[in-house]
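Chemist: The structure under discussion is supplied below as structure tokens; questions concerning it will follow.
What follows is calculated from the coordinates using simple rules that are stated; it is not laboratory data. All figures in this text were calculated on a predicted structure; none of them were measured in a lab. A quick note on method: Cβ atoms are made from the backbone with ideal geometry, for glycine too, and the neighbour counts reach across all protein chains shown.
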Amino acid sequence: MPRVKVARKSTAIDMTAMCDVAFLLLTFFILSAKPKVADPVKADTPASSAIVQIPETDFAIITVGKENGVDRVFYTIEGDDVRKGTLEAMATEYKMSFTPDQINKFVHTENFGVPLAQMPQFLSLTQTELQAFKQPGIPVDTTETNDLAKWVLQSRKANAALHNKDIRIAIKGDKQEEYPIIQTIIKSLQKQKVNKFSLITSSLATAPKK
């Protein structure tokens, strides 16, 4: 008997479900991604062989850069809730008042560099004025009442109250930055018994230094 030939049929795979999953994953990663915030001042960090990823919570960064021969210090607080708690604590401690709009703007301001007395005016600027405004930097010296020490202290208290953890401090400076300003910042931290901090190198933090 002759063999019966079975007609060959092409195999069809429905990719609709796979496309739906791919677009859902893409949407999730886009919405959950944290955009990189540009540094407020140029800081060409030195290279390092240590690789420790910078955490996104319980963390604060002191950025130092020199512009036109003047050192400028900026402070970054990670976490919207901690930023809000820090500003409210500063307002209570130093008899200042901020409107709900100013508080909301501060919550969405990841780094800042203005004297404490200028903060209400700074937070009242429109988005256009804010882009044109050159922040002078946060005053810092070796006394316990300098502005940077106030921000560090209140952010530590806010982080401890909200997350039950001590905030980790990191210093980020240009590799050509002179030592005296870094030494002043370190002394300011040590006056608060902060003897363990990190150094930012090439967007990565080295192991904590004592």
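Chemist: Out of residues 5 or more away from residue 172 or on other chains, whose amide H comes under 5 Å of its own, with H placed 1.01 Å from N in the peptide plane?
Modeler: 62, 63, 64, 200
Chemist: Arrange the peptides 70-78, 108-116 so that the one whose residues have, on average, the most other Cβ atoms within 10 Å appears first.
Modeler: Taking the mean over residues of other Cβ atoms within 10 Å, the ranking is 70-78, 108-116.
Chemist: Pairs 66/172; 134/193; 105/150; 150/187; 105/191: which exceed 22 Å Cα-Cα?
Modeler: Pairs exceeding the cut-off: 134/193; 105/191.
Chemist: So, one more: Beta carbons within 10 angstrom, averaged per residue: use that to sort the peptides 127-137, 158-168, highest first.
Modeler: My ranking of the peptides, most packed first, is 158-168, 127-137.
Chemist: Quick one: what are the phi-derived ³J(HN,Hα) couplings along region 93-109, Karplus 6.51/-1.76/1.60 with θ = phi - 60°, whole Hz, x for glycine and proline?
Modeler: Here the 3J(HN,Hα) series is 5, 10, 6, 10, 10, 10, 6, x, 5, 5, 4, 4, 5, 5, 4, 9, 9 Hz.
Chemist: Further question on the same structure: Can you tell me what the convex hull of the Cα atoms of region 59-205 projects to on average, as an area in nm²?
Modeler: Details: hull surface 35.2 nm².
For region 59-205, the mean projected area of the Cα convex hull comes to 8.8 nm².
Chemist: Using a 7 Å offset from Cα along Cα-Cβ at residue 192, what residues in region 158-177 end up with backbone N under 18 Å from the label point?
Modeler: 158-173
Chemist: Okay, next question. With +1 on the Cβ of every Lys and Arg and -1 on the Cβ of every Asp and Glu, and nothing else charged, how large is the dipole of region 59-205 about its Cα centre, in debye rounded to the nearest 20?
Modeler: With only Lys, Arg, Asp and Glu charged at Cβ, the dipole is about 400 debye.
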